[in-house]
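One structure is given here, and the rest of the page talks about it.
The values are calculated or read from the model by the stated rules, or taken from the named source; none is laboratory data. These numbers come from a predicted model, not from an experiment. Neighbour counts run over all protein chains shown; Cβ positions are idealised from the backbone, glycine included. Note: accessible area is taken over every heavy atom of the protein model, side chains too, but ligands, DNA and RNA are not part of it. Shrake-Rupley method; radii C 1.70, N 1.55, O 1.52, S 1.80 Å.
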Amino acid sequence: MTRRTEPEPLPTVERTAPGAADPDAVPLLARDLGRLSEVRAPTLAPLVRWSSSPDGVVLVHRVPDGAVSLDAVRRGGPLRAGHVLAAATAVAEALVALHAAGLAHGGVSAQQVLVAPNGSVLLAGSGLAWRAVPGRLDGPTPESDVAAVGDLVRLLLGRGGAPGPLVLAALRAADPDPVLRPDADQLLDLLRSCGRPESLLDALWQQPSAPAAPPAPAAPRPTGAAPRPRSARAAAPPAEQPPPGSRRRAQDKPPARLSVRTVASVAFVLLVGLGAVRAVTAVGAVASEPTPGAVPAPAVVPEVSATPVAPPPAEPVATDWAAVLAALDSGRRQALASGDRDALARWVDPAGAAWARDAALLARLAGSGARLSGGEVVLEEARLLRADADRVVLAVRDRRTAYDVVQGGTTTHVPERTAAWWTVTLTPMPALDGDGWRIAEVRGREDRAG
């Protein structure tokens, strides 16, 4: 009987990088960073220690010596579907461990996924993208991690053909409605049913020679292997950085044919209570318009005097925020369909959190072959939560009907979403651009009762 031998552990190095949190956020993150340092999974690069700095926080992870980013690997040559499946499965396994600890990664991307010298894959950089406590306002969430895996699969598949089950798994992961996305465990089950993963070792061999990398900031600590010569222990360049001298090429842009996130993102145009096809108020109203039928009080002229008396000030007219949302969504959808970034900036604030998502969506929609049928969003209620000089915060309740996504002759049915609450932040238009409002941020609300 032949006894199976376990592969020898790979030598590792410590990789140091600054986190995204500013100094004021570090005390709030301390507890969660401590918990993160205790999370262990075979496909997760562990956080070994962290420290505060004048600029925020510095994190140190242990990674395989000589590992390169998945982004660098894919630039060296096309990846097969088995490669993509292996990478996505490894990332999902790491996310299962993070989410089970009540945490989230927040920065899943091809730059943060590493390929070790033996072709294995692991997720690195956990905690680097944290600006706030996971699950809190502005913090990473498990739902966004799952959606990022869908984006990653779409990017890695490129423009060529791909197995339907893998495309569908990515589509479900990137569903624009967080309520309908699978969790990390469910996504892992989906990926494991998509076929047979392939080692990325042969893809790693396709890598073109690159300039020598500078030594790592922290001294490397190889484990599981005999000491190596000093010249051979230089750490690989940080995973989040592209190879030296590289530039984005046209082929790196989101693909048009197999744009899984694009397909799902098309549905996002119909999402999040921004008053779409069947909004309860008329599209086209703006915040500066008075309520129909309201007129200012007439001037009062006393009979005993020939001098007119100035009229009393008119009562302020309550803003119909449902109509404002409907107008914003109408303009936003038209801008997305036209592919005009300048037009989008009229409806979505470029300084707000929603801009990066919508600008990326606009780029992905250009040339997409996906067609959507159904998926109406019905705006049921809009409540004013807070009104300041520079922003308005609304609680919005909406629901979405079922829809079909048609792409390349294949139809995928997405079920109905029941009513849910969202927090929508609006900002006023710049004074030079006239009156009105723009969408700054849209977030799910935990208090579904509003």
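From the backbone phi of segment 48-57, what are the Karplus-calculated ³J(HN,Hα) couplings (6.51 cos²θ - 1.76 cosθ + 1.60, θ = phi - 60°) in whole Hz, Gly and Pro given as x?
8, 5, 8, 8, 7, 9, x, 9, x, 8
Could you work out how far apart the two model spin labels at residue 341 and residue 360 are, taking each label as a point 7 Å from the Cα in the direction of the beta carbon, and quote it in nm?
Distance between the two pseudo-spin positions: 1.5 nm.
Stretch residue 381-residue 416 to full length: gain in nm at 0.36 nm per residue minus the Cα-Cα span?
The residue 381-residue 416 span can extend by a further 10.7 nm.
Rounded, prolate or oblate: pick one for segment 53-205, where a ≥ b ≥ c are the square roots of the eigenvalues of its C-alpha gyration tensor, a/c under 1.5 means rounded, and failing that, prolate if a/b is larger than b/c, else oblate.
The shape class here is oblate.
Sorted by packing (mean other beta-carbon atoms within 10 Å per residue), highest first, where do 45-51, 395-401 land?
Per-residue mean Cβ counts within 10 Å order the peptides as 395-401, 45-51.
Before anything else, pin down the relative contact order of segment 1-156: Cα pairs under 8 Å, at least 6 apart, normalised by residue count, whole percent.
28
Rounded, prolate or oblate: pick one for segment 51-102, where a ≥ b ≥ c are the square roots of the eigenvalues of its C-alpha gyration tensor, a/c under 1.5 means rounded, and failing that, prolate if a/b is larger than b/c, else oblate.
oblate
Pop a pseudo-label 7 angstrom from the Cα along the beta-carbon direction at both residue 183 and residue 399 and give the gap in nm to one decimal.
Here the modelled spin labels are 2.5 nm apart.
About its Cα centre, how strong a charge dipole does segment 113-187 have in debye, to the nearest 20, once Lys and Arg get +1 and Asp and Glu get -1 at the Cβ?
Charge dipole of segment 113-187: 240 debye, to the nearest 20.
Report the extension gain between residue 80 and residue 101 in nm, rounded to one decimal, defined as 0.36 nm multiplied by the number of residues separating them, less their alpha carbon distance.
4.3 nm
Please report the relative contact order for segment 14-101, taking Cα pairs under 8 Å with a sequence separation of at least 6, and give it as a percent rounded to a whole number.
36
Mind checking the per residue accessible area of segment 67-127 for me, 1.4 Å probe, whole number of Å²?
Averaged over the residues of segment 67-127, the accessible area is 21 Å².
Given 0.36 nm per residue, what is the gain on full extension from residue 20 to residue 390 after removing their alpha carbon distance, in nm?
Result for the pair: 130.7 nm of gain on full extension.
In debye, nearest 20: dipole of segment 45-186 around its Cα centre with unit charges on the Cβ of K, R (+) and D, E (-)?
Dipole magnitude for segment 45-186 comes out near 360 debye.
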